[in-house]
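Every number here is computed from the coordinates shown, using simple stated rules; none is lab data. Everything numeric here is computed off the predicted structure, so don't read it as measured data. Backbone-built Cβ (ideal geometry, glycine too); neighbour counts: all protein chains shown.
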Amino acid sequence: MSGLEWDTHAAGGDEITLTNTHRIYKNTIDVPSELKGIMTEETYQKARLYGLDKSTFGIFKDIFSIIEATLLIVFYGLLYFWNISSVSLNKLGYTTYNEVLQSIMFVFIMNVFNTIISLPFSVYYTFVLEERHGFNKQTVGFFIKDKLKAFVVMQVIMLPLISAMIYIVKVGGDYFFIYLWVFAMVTTIFLMTIYPNVIAPLFDKYTPLSQGMLRARIEDLAQSISFPLTKLYVVEGSKRSTHSNAYFYGFFNNKRIVLFDTLLKDYVPEGKKKEEITEEEKTPSGERKGCDDNEVLAVLGHELGHWKLNHVLKNIIIMQVNLFLTFLVFGLLFKYDALYKVVGFQKEKPVIIGMLVVLQFILSPYNAVLSFMLTILSRRFEFQADQFAMSLGKTHFLRRALVKLNQDNLGFPVYDWLYSSWHHSHPPLLERLQALDDTKRK
C-alpha cells in the first residue's frame, strides 16, 4: 500500500488463483522436461522454495488488505481521519475551515497511516524473505534512509497536486473533468521527464557505462535501428538487491538506456574488487551472476523492440484515455449525497473523499477488468519485443539470456495458468521459450 490506496478487491477470485499457485509451488517437485539440461535441479528447487515463500507472504498480505479495507468502511475510517485532520489544523492555529488545507492534512495523515501499516510487511519481505533467498543487499540504515526519502518525496509531489486538483474541481464548473484531465496529463509528462534526472538519483547511483567493447556494441545496435541514444548508464542496483533489469527512457530524440550492474556479468562497481564478489552474486556453479555481452545485447534488442514497435506510446495513449474516462465518471457522481453518507459523511462533501470513494470503490470492478486487459496487452507486447530481438539475429543469445535471468532471479517456471494470465505482465519463461521456438520454425 502506498499513498491513499488500499486493496478493495473482494475475497475470492484473487485468493483462489493465489492458493492454486501456492499448491503448484508445493507439489511440482520435478524439473519440467522442457527445462532438463537447461535448469539444474538445485536452481529449480531454490526457485520453487522462493516462490512458495512469496506466495505465502502474498496470501497473508492480501488477507490483511481485505480486513483493513473492510474495517475502514464499516467503522467510517475516512470520516475518522478527516476529523483528525481538522483537529490537527486547529492545534496548528488554523481555526477557519478551508477544504483544500484540510484535504492536504488528511492526505498527509493517511500517508503516515499507510506507511506505518505497510512497514512490517516491507521489513519482513526485505530482511526475512529476500534475505533468506540471497537477494537482499540492504542494511538497516540504508532501508530506513530509503523509506524516509521515499516518504518525503511522495509528500512533496502529492500534496501540491492534490491541492491543485481540488481547486480545479471547485472552480472548473460543469466541465472541470476536462481541465482536470489536461492538468493530470501535463503533470504526468512533467514527472516522467524529471524522474530520471531529479528523483531517481536520490535513491540510486547512476554512472555512465565506461568506454569499451560493450558500450561500442550497444551504440552500434542503437544506431542500426535509428534509436536516438544520448546517454548510457549503469545503476548500482547491487546495493539494494541482486535482482537485475534494463530499461530505456526519455522523450523524442533524447533517449537513454539504463543497465543494472547486476545484469552485467563482468561489471565491477567502483570501490569494489572482483574477488570481493559475494556468494549471493554467484551461480551454483560458482560463476558470477549476470549476462555476457552477447546476452546483454539480446536483452537490449528486446527492450528497444518496445520502442520500435511504439509500445510505450500505445501505453501512454491507453492510460490517458482511461484517465479521461475516470475523471468523467467522477464528474458525474461526486455531487451525490449517498456517495458521502455511505462512508459516514452526513453533511460535508469534501472533494478528496468523493475522489477516494469513486476511484477506489465504485470503479473497483472497472479497474480490475482494465488491469486484466492491460496484462493481456503487456504479454502481447513482450512476445512482439522478443520477435523483434529475433529479427536482429539475437535468437540464440536471447534464449540464453531469458534462461539465465530467470535462474539468477529464481523465477519459478511453472504457474497456474489463470493466475499467470491475471498477474503476469511478462509471460513465464516456458511460454517465451515456446514462442521463440514456434517463431523460429515458421
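What to note about this one:
- Residues whose amide H lies under 5 Å from that of LEU264, counting only those 5 or more places away or on a different chain, are CYS291; hydrogens are built 1.01 Å from N in the peptide plane.
- Build a GNM of the chain with springs between Cα atoms under 10 Å apart, and of ALA338, ALA385, ALA298 the one that fluctuates most is ALA338.
- Which listed pairs, of LYS36/LYS440; LYS26/LYS61; LYS61/LYS314; LYS61/LYS145; LYS205/LYS440, have C-alpha distances above 28 Å, in listed order: LYS61/LYS314; LYS205/LYS440
- Within a Gaussian network of the chain (alpha carbon springs, distance under 10 Å), most fluctuating of TYR415, TYR25, TYR124: TYR124
- Centre separation in Å (Cα based) which lies between the stretch 78-120 and the stretch 370-442: 45
- Counted charge near ASP53, where neighbours are those whose Cβ lies closer than 13 Å (Asp, Glu -1; Lys, Arg +1): +4
- Helix 99-124 and the longest principal axis of the C-alpha atoms of the chain enclose an angle of approximately 40°.
- The relative contact order of the chain comes to 19 percent, based on Cα pairs under 8 Å that sit 6 or more residues apart.
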